[in-house]
1. I need the full set of residues from the range 129-148 which are modelled with pLDDT of 95 or more and under 16 Å from Gln18 (Cβ atoms), in order please.
2. For the subset of the range 141-163 comprising residues that are under 15 Å from the mean Cα position of the chain (by Cα) and among the hydrophobic types (A, V, I, L, M, F, W, C), which member is surrounded by the most Cβ atoms within 10 Å (Cβ to Cβ)?
3. I'd like to check something: does the range 126-144 contain any residue that is of a type in the set (Ser, Thr, Tyr) and in contact (Cβ under 8 Å) with a residue 24 or more places away in the chain?
Amino acid sequence: MISQRQALEDAVIHALRQSNSYKDGSYLKYVGPYAGEMAGLEGAEDPRRVLQGQTPAILVTTGNAEVEPYGNAATRFIRNITLVCYAISQSGDVQENRTRMSAPAKTNERLDPGVYKIMEDMYAVLAGNDFGVSGVGRCVPQSEQRVYRSEDFEAWSVEFSVRIDSNLNPRDFGDCLLTGASVEINEQVLEVENPMVISDTELE
């Protein structure tokens, strides 16, 4: 069974790929999991080179989470996970067109519409969506932030908060952990000589 984080990421990617923005004849060229593309700033790992030919794109990942207990059960808790989606544009030679929709894109849905439109289309798919995944709450929009800009590249991160109910199977930690430790301790005790025992030779 995959992790809840991966299940959430997969559900988001699937929902975006089913949207009108990704289907044949639309503008998105790639929707997939984030693999550190935005981390490199120069050289072969520069995101402009890594994503060349794959934009406009949306990359999906999960980030930090706040954890809170659920009732008195130590094995059940709520995680408020940050879902991060990167909206990326490499629209033409005019920097303005990588954020705002160009005149040609207004009449041609195949063209890169700019980051503003990519983000709004993303909200239309994800905001309030729980994807029908057990234990996963609705996506609640939280923030937008420009994370990368160059002469031919624009990337923004859009963050959502997603509440996930995590319920683990109870474990008997006494049986699985303490028993083995106590055996080791007992073995060590048996090897220690008792200083109060005097040998027969010392009595003579």
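1. Of everything in the range 129-148, those that are modelled with pLDDT of 95 or more and under 16 Å from Gln18 (Cβ atoms) turn out to be Asn129, Cys139.
2. Val162
3. Checking the range 126-144: not a single residue is of a type in the set (Ser, Thr, Tyr) and in contact (Cβ under 8 Å) with a residue 24 or more places away in the chain.
Matching residues to (1) crowded, with 16+ Cβ neighbours inside 10 Å; (2) under 30 Å from Gly137 (Cα atoms); (3) at pLDDT below 60:
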position	(1), (2), (3)
Pro69	no, yes, no
Ala74	no, yes, no
Ile81	yes, yes, no
Tyr86	yes, yes, no
Asn97	yes, no, yes
Ala103	no, no, yes
Asn108	no, no, no
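The values are calculated or read from the model by the stated rules, or taken from the named source; none is laboratory data. Because the structure is a prediction, the values reported are computed rather than measured. Backbone-built Cβ (ideal geometry, glycine too); neighbour counts: all protein chains shown.
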